[in-house]
Amino acid sequence: MKDSFGRRINYLRISVTDLCNYRCKYCMPEDGVTKKGRSDLLSLEEIYYISHIFVEEGVDKIRITGGEPLLRKGLVNLVESLGQLESVKDLSMTTNASLLSDKAVKLKKSGLDRLNISLDTLDKEKFQAISGGNLDDVIQGIKAASDAGLGIKINTVLLKGVNDDEIYDFIDLSKKYPIDIRFIELMPIGPTASYARDKFLSGDEIIETYDLRKTEKDDPNSPADLYKIDGGLGRIGFIKAMSHKFCGDCNRIRLTADGYLKPCLHSDKQVDIKTPLRRGEDIRPYIKKALEIKPYDHKLLEGKSIKRSMNRIGG
Ligand code: SAM
Ligand code: SF4
């Protein structure tokens, strides 16, 4: 599959729910989201059907996300069906890990390869203040995933005045353990955009301060630039969506929990795929349409931000 700029699109991100048990200040509106009726959401069977058409059309990389994907009932079954799609070379999930400890082994057995786990602080009180959650649950989840043999990357959002005093602790983790840490620049998205503007901290500032050494990317389409610290076992990635654009290499398309294709995280453009699917139509023309309207790049640097909150898009 190619978009109208000739970019090969082979990476599908599926949001299975926009609900979350956490309230990260940069992501979710404080009062949460209104729970949708069952029929407003794609069923797991519909998600599988759409994904399998995408795979027939050339997708070979799938990530499950949300909201918090582990809140979705039957998720392990979806992972199992996706895991059986032979052409899928990489099946991963992004999670806050709070509900992971008793599901990690099942997920691994079902064919999940890797997890990206969000962790913005190693301090219990700060963790509660940022997300409303309990750090112990997350640490247990990370241990269970590691014991189950799942690949793990830690996603840490850079928050000025909140976690900038802990950056070295995270770098040190990647030095001592073969864990990749990925620092993410805050993006102003949806109703939490002003928090993101207020707490923005650039990746370059951290790279300079800690004198990090750039290393080769293992995936040319990955938005993360990789660095190492001398003697480090893991790597340190930076996703600098705000200070550097990487849109030229974008290979992604997103499916939202309420059944829209979103060709770009930072654009309000979307294509309804749920309605034609439920009418029994061929969904391929709608996939084609989404590829046609995929914008070349985001307009965040020009001060534009989108309406949907991150938990409703699928980060
Ligand atoms: N609940 C799961 C989690 O937290 O990992 C999956 C969904 S969450 C929306 C996916 C990722 O988006 C997380 O790593 C989170 O830190 C990131 N994220 C959310 N809002 C963001 C924002 N405004 N700027 C940058 N990253 C954001
Ligand atoms: Fe929930 Fe993830 Fe958003 Fe935090 S970042 S509120 S864990 S969806």
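The values are calculated or read from the model by the stated rules, or taken from the named source; none is laboratory data. Every value quoted in this text rests on a predicted model; they were computed, and no experiment measured them. Note that each Cβ is placed from the backbone with ideal geometry, even for glycine, and that neighbours are counted across all protein chains shown.
Could you tell me which residue of the stretch 198-221 is nearest to the chain's Cα centre (by Cα), considering only residues that are more than 16 Å from ligand 1 (Cβ to nearest atom) and among the hydroxyl-bearing types (Ser, Thr, Tyr)?
Going through the qualifying residues, I end up with THR215.
Would you confirm, using the coordinates I've provided, whether ALA224 is modelled with pLDDT of 85 or more, surrounded by 14 or more Cβ atoms within 10 Å (Cβ to Cβ) and within 16 Å of ligand 2 (Cβ to nearest atom)?
no
Taking the stretch 227-250, which residues are outside any loop (DSSP other than H, G, I, E, B) and either modelled with pLDDT of 90 or more or closer than 12 Å to ILE184 by Cβ (or both)?
TYR227, ILE236, GLY237, PHE238, ILE239
Any idea how many residues of the stretch 62-87 are buried (at least 17 other Cβ atoms within 10 Å of the Cβ) and touching an Asp or Glu at 6+ places or on another chain (Cβ under 6 Å)?
The total comes to 1.
Can you name the number of the only condition in (1) loosely packed, with under 15 Cβ neighbours inside 10 Å; (2) assigned to a helix (DSSP H, G or I) that ARG312 fails?
(1)
For the subset of the stretch 132-150 comprising residues that are touching a residue at least 24 places away in the same chain (Cβ under 8 Å) and among the polar types (S, T, N, Q), which member is nearest to ligand 2 (Cβ to nearest atom)?
Checked the stretch 132-150; the qualifying residue nearest to ligand 2 (Cβ to nearest atom) is ASN134.
Within the stretch 68-107, work out how many residues are part of a strand (DSSP E or B) and away from ligand 1 (no atom under 11 Å from the Cβ).
Adding up the residues that qualify gives 3.
Exactly one condition in (1) buried (at least 20 other Cβ atoms within 10 Å of the Cβ); (2) modelled with pLDDT of 95 or more is not met by VAL55; state its number.
With respect to (1) buried (at least 20 other Cβ atoms within 10 Å of the Cβ); (2) modelled with pLDDT of 95 or more, VAL55 is out only on (1).
Do you know which residues across the stretch 98-135 are within 21 Å of ILE236 (Cα to Cα) and basic (Lys, Arg)?
ARG114
Restricting the search to the stretch 100-139, which residues are under 20 Å from TYR195 (Cα atoms) and among the hydroxyl-bearing types (Ser, Thr, Tyr)?
Across the stretch 100-139, the qualifying residues are SER118, THR121, SER131.
With the condition kept exactly as written, say whether any residue in the stretch 108-120 is surrounded by fewer than 17 Cβ atoms within 10 Å (Cβ to Cβ), in contact (Cβ under 8 Å) with a residue 40 or more places away in the chain and farther than 26 Å from LEU12 by Cβ.
no
Working carefully through the options ASP198, ASP249, ASP219, find the one that is in contact (Cβ under 8 Å) with a residue 60 or more places away in the chain, among the acidic types (Asp, Glu) and out of contact with any Lys or Arg (no Cβ under 6 Å at 6 or more places or on another chain).
One residue alone meets the criteria, ASP249.
All but one of (1) in contact with a Gly (Cβ under 7 Å, 6 or more places away or on another chain); (2) of a type in the set (Ser, Thr, Tyr); (3) within 16 Å of ligand 1 (Cβ to nearest atom); (4) more than 28 Å from GLN84 (Cβ to Cβ) hold for TYR195; state the number of the condition that does not hold.
TYR195 satisfies all of (1) in contact with a Gly (Cβ under 7 Å, 6 or more places away or on another chain); (2) of a type in the set (Ser, Thr, Tyr); (3) within 16 Å of ligand 1 (Cβ to nearest atom); (4) more than 28 Å from GLN84 (Cβ to Cβ) except (1).
Suppose we keep only residues that are part of a helix (DSSP H, G or I), more than 14 Å from ligand 1 (Cβ to nearest atom) and of a type outside the set (Gly, Ala, Ser) within the stretch 108-134. Which one would you say is nearest to MET28 (Cα to Cα)?
Checking each candidate, the answer is GLN128.
Taking the criterion of being within 13 Å of ligand 2 (Cβ to nearest atom), in a loop (DSSP other than H, G, I, E, B) and without any contact (Cβ under 8 Å) to a residue 40 or more places away in the chain, would at least one residue in the stretch 32-45 satisfy it?
yes
Looking at ARG7, ARG72, ARG23, ARG63, can you tell me which residue is touching a residue at least 24 places away in the same chain (Cβ under 8 Å) and in contact with a strand residue (DSSP E or B) (Cβ under 8 Å, 6 or more places away or on another chain)?
ARG63
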